[in-house]
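Asks: Quick one: structure below, then a few questions.
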Amino acid sequence: MGRTRDLARDREVVDHLGLGRDAIARQAWAEARDHLARADPAALTPHDWHSLGTAAYLVADRDTAVGAWQQAFTLHTRAGEPVAAAMDANWIAFVHNTTGNISVGSGWVARGLRLLDGEPDDAEPRGFFAIHEFYRLLEGGDFPAAAACGERVLDIGRRWGNADLVSFGLVGRGRLLIYTGRVAEGLGLLDEAMTCLTNGEVSAIASGNIYCAMIEGCQEISDYRRMSEWTDALNDFTRRNAGRRATIEIDDPEIGAQMLGRGALVGVTYDPHDRRIEIMVGDAHRARRHLMHSIPKVESIAMTTDEHSASEALELRHGRGHTLVLIKR
């Protein structure tokens, strides 16, 4: 009787493992995660653990994904397969870095890179670790270094015919071109990357990551256009009215309408970082007598001219109401 139960249990384990592998081949990620997670852990190969990590990540089960990739990392390391273990470390770092746990992610990047010490500089796995460096440089605002890092990802991808790396390299280059105002060129590279995705050349996890990067790139186009338009408009307003008498008024739903200050207009500037507009009035020749009014998260700007009263107004709408800069000509 006990032997019968053991055979039934063994059959169930084999079924879960086989069904899980079959689901991976069909890219049925939820089914794959469920079956592989229920299989006998001792029966899973390092490849099975890696597959479980992939399936779990793609159904937003990040804890299971990280645990599975850690198991794959351990088994690959014990088996003397440093390159495979490095790729496990790469995906663990990817989860941590994209969920805000940067210190842990950086630790896994370092572990992975140590495992690649014996590999050449243009080894295929190094392209994936260069992606982590790209984002670190991008977040730090070092665009030239980020551009060089993105080119390295692209070069390694082309050398090895790796569509994941090629697509990411194209998106990275495109986004940096958009940052510098070369929007048409940047969009062309995003389109080129999209063809890799639509042709099914890119892996499932990389596809999601690249889609997100492309969406961010499109948002950056909107940000760039707003920055360009608002900067030009505010510069024109300053040129027309510098030195003229200006009054700053705010209409806040909580405190009502108030006058914040008046004096000669020195300038109006725009900082795209947090959509902040700064208004300076006072004495253009005596900086200590300037009054600076700073308004973050501006939603829209509008300029009106009243020829009858010979006045001009700049209206800034923001979360707290709106601010008016009234110019008397």
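Read-outs throughout are calculated quantities, based only on the coordinates presented, and are distinct from any laboratory measurement. Predicted, not measured: the structure shown is a model, and the values here were computed from it. With ideal geometry, Cβ positions are generated from the backbone for all residues, glycine too; neighbour counts draw on all protein chains shown.
Asks: Based on the mean of other Cβ atoms within 10 Å per residue, sort peptides 68-75, 275-282 so the most packed one is first. Intermediate values should be presented prior to the final figure.
Replies: On the way: 68-75: 22.5, 275-282: 19.5.
Ranking, from highest mean packing down: 68-75, 275-282.
Asks: A further question on this structure: Return the label of the correct value of Kirkwood radius over Cα pairs in Å, as calculated from the structure shown, out of (i) 23.9; (ii) 23.0; (iii) 19.2.
Replies: Correct label is (i).
Asks: Also, I was wondering about something else. Find the all-direction average of the projected area of the Cα convex hull for segment 158-261, expressing the result in square nanometres with one decimal place.
Replies: 10.7 nm²
Asks: If each of Cys212 and Glu299 carries a label point 7 Å out from its Cα toward its Cβ, how far apart are those two points in nm?
Replies: The two pseudo-label positions are separated by 2.8 nm.
Asks: Now, a different point. Distance in nm between label sites at Arg262 and Asp15, each 7 Å beyond Cα in the beta-carbon direction?
Replies: With each label point 7 Å from Cα toward Cβ, the separation is 8.6 nm.
Asks: Moving on. Pull out the extension gain between Ala313 and Asp236, defined as 0.36 nm times the separation in residues minus the alpha carbon to alpha carbon distance; nm, one decimal.
Replies: Additional length available on full extension: 26.4 nm.
Asks: Quickly estimate the mean residue ellipticity at 222 nm for the chain, helices only: each DSSP H run with n ≥ 4 gives -39500 (n - 2.57), and the total goes over all residues, rounded to 500.
Replies: -20500 deg cm²/dmol
Asks: Right, next: Between Asp121 and Asp142, how high is the FRET efficiency from 1/(1 + (r/R0)^6) when r is the Cβ-Cβ distance and R₀ = 30 Å? Nearest 0.05.
Replies: For R0 = 30 Å, the calculated efficiency reads 0.90.
Asks: For the chain, what is the relative contact order in percent, using Cα pairs closer than 8 Å and at least 6 residues apart in sequence?
Replies: For the chain, the relative contact order is 7 percent.
Asks: Sorted from fewest to most neighbouring beta carbons within 10 Å, what does the list Cys196, Cys212 look like?
Replies: Fewest-to-most ranking of Cys196, Cys212: Cys212, Cys196.
Asks: Moving to a separate point now. Rank by packing, highest mean first: peptides 259-267, 235-243, 170-178, with packing defined as the count of other Cβ atoms within 10 Å averaged across residues.
Replies: Highest-to-lowest ranking by the protection proxy: 170-178, 259-267, 235-243.
Asks: Expressed in nm to one decimal, what extension gain is obtained for the pair Ser228 and Ala42 from 0.36 nm per residue of sequence separation less their Cα-Cα distance?
Replies: That works out to 61.0 nm of additional length.
Asks: In nm, to one decimal, how far is the modelled label at Ala60 from the one at Leu187, with both set 7 Å along Cα→Cβ?
Replies: 3.2 nm
Asks: Compare the peptides 295-306, 139-150 by average per-residue count of other Cβ atoms within 10 angstrom and give them in order, highest first.
Replies: For the peptides 295-306, 139-150, the packing ranking is 139-150, 295-306.
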